[in-house]
Structures are given as structure tokens and as C-alpha cells.
1. Kindly evaluate THR44 against the criterion of being surrounded by fewer than 19 Cβ atoms within 10 Å (Cβ to Cβ) and hydroxyl-bearing (Ser, Thr, Tyr).
2. Can you find, within region 116-135, the residue that is surrounded by the fewest Cβ atoms within 10 Å (Cβ to Cβ) among those that are without any contact (Cβ under 8 Å) to a residue 40 or more places away in the chain and not charged (D, E, K, R)?
3. Considering region 13-29 alone, what residues qualify as being touching a residue at least 24 places away in the same chain (Cβ under 8 Å) and more than 8 Å from the chain's Cα centre (by Cα)?
4. Among residues belonging to region 14-41 that are among the aliphatic types (A, V, I, L, M) and outside any strand (DSSP E or B), point out the one that is surrounded by the most Cβ atoms within 10 Å (Cβ to Cβ).
5. Which residues, taken from region 65-80, are surrounded by 14 or more Cβ atoms within 10 Å (Cβ to Cβ) and in contact (Cβ under 8 Å) with a residue 40 or more places away in the chain?
6. When you look at ARG138, is it touching a Phe, Trp or Tyr at 6+ places or on another chain (Cβ under 8 Å), among the charged types (D, E, K, R) and surrounded by 14 or more Cβ atoms within 10 Å (Cβ to Cβ), yes or no?
7. Could you tell me whether ALA48 is at pLDDT 95 or above, touching an Asp or Glu at 6+ places or on another chain (Cβ under 7 Å) and assigned to a strand (DSSP E or B)?
Amino acid sequence: MRTILPQKAICAGGVVFKDERIVSLRRKNGVWLMPKGHVEPGETLEQAAVREVREETGLVARVGAPLGETEYSFTEDGTLYRKKVFWFFMEAIGGELQPEKEMFTDIRLLSAEELSLLSFEADRKLAAKAFTRYRKKRLRQGNPDGCRRED
């Protein structure tokens, strides 16, 4: 009997902040998640995260520090897939919020209190970690509420 090895994929994605909230997407199957996708040959993890965010959300984002990794598997058409996702803290710096039509049915900006909308526990934990980092960054900048200060 022949053993079929799982298909492995390396992906990169971002917890993307826009207007003090994070970007979430709803897949056609109803699952809510954050933007991520496959690393193309020759790309760094950071480059893949920026590209995937742009493709899936319409936003141009700046990559910050790594947030962690998630791993999961699923079966599709009889094939087992294993994916490892490298996540980054990211901030939107341009573009227009628009979900990739072929993949997603909705896009939302979530506050820290709305993270339960995300379908997967690992995503909720990463998003909470990103919010903690976001708040600390704002405090270091002397801007705890995230509002622009007038001189």
C-alpha cells in the first residue's frame, strides 16, 4: 500500500491595523479570518505578507515585527494539506478597503472587543497579542488614544 504524504505549504499574513482596528475577512464558507496566503518562489515572508494583504484587502500595508506562527491541516478533494503561517504586525498606509471578490464575501474592521468574530482561536490569540503591541506602541509615541495631536 502506498502512503500519500500531505501537501505542505508555507504562508505569510498580517494582523493589519487600519483606523485603530484590525482587518478581518469572511470567506464564502462563512469563516472569518485575517489576510494570509502562500509564499511565492523568491519572496521573503514579509514580501508575501504585504502582497497577500494587498490582494485580499486592497490595502497597502507596512510590515512590523513578527507576531508568531500558526499551523493547521485540512482535507480538500481527498488531499491532506498542512499549512504553516508566519504572522506579522502590520499597519495600513494606503489603498482602498475592498475584499478580493473571488475569495471573500465581506470585510470588517474589528476592535479588540470584537475579536470573537474571528473563527479560529489561534487567530483570536494573535489578534489580541497585536492589540497589546499596538497599544504599547501608541503609549511609547505619547499617543495613548491613537488620535493625532495638534501642536
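The values are calculated or read from the model by the stated rules, or taken from the named source; none is laboratory data. Just so it is clear, the model here is predicted, and its values are computed rather than measured. A quick note on method: Cβ atoms are made from the backbone with ideal geometry, for glycine too, and the neighbour counts reach across all protein chains shown.
1. On the way: surrounded by fewer than 19 Cβ atoms within 10 Å (Cβ to Cβ): yes; hydroxyl-bearing (Ser, Thr, Tyr): yes.
Here the answer is yes, as THR44 does meet what is asked.
2. Initial filter on region 116-135 (without any contact (Cβ under 8 Å) to a residue 40 or more places away in the chain): 116, 121, 124-125, 128, 132, 135.
After this cut, where a residue has to be not charged (D, E, K, R) as well, the list is 116, 128, 132.
Numbers: SER116: 9, ALA128: 14, THR132: 11.
Per the stated criteria, the residue is SER116.
3. The answer is PHE17, LYS18, ASP19, GLU20, ARG21, ILE22, LEU25, ARG26, ARG27, LYS28.
4. At the first step, the residues of region 14-41 found to be among the aliphatic types (A, V, I, L, M) are 15-16, 22-23, 25, 31, 33-34, 39.
Applying the additional criterion that residues be outside any strand (DSSP E or B) yields 31, 34, 39.
Working: VAL31: 13, MET34: 25, VAL39: 21.
Here the answer is MET34.
5. Answer for region 65-80, where residues must be surrounded by 14 or more Cβ atoms within 10 Å (Cβ to Cβ) and in contact (Cβ under 8 Å) with a residue 40 or more places away in the chain: LEU67, GLY68, THR70.
6. Values: touching a Phe, Trp or Tyr at 6+ places or on another chain (Cβ under 8 Å): no; among the charged types (D, E, K, R): yes; surrounded by 14 or more Cβ atoms within 10 Å (Cβ to Cβ): yes.
No; evaluated as a whole, the condition is false for this residue.
7. no
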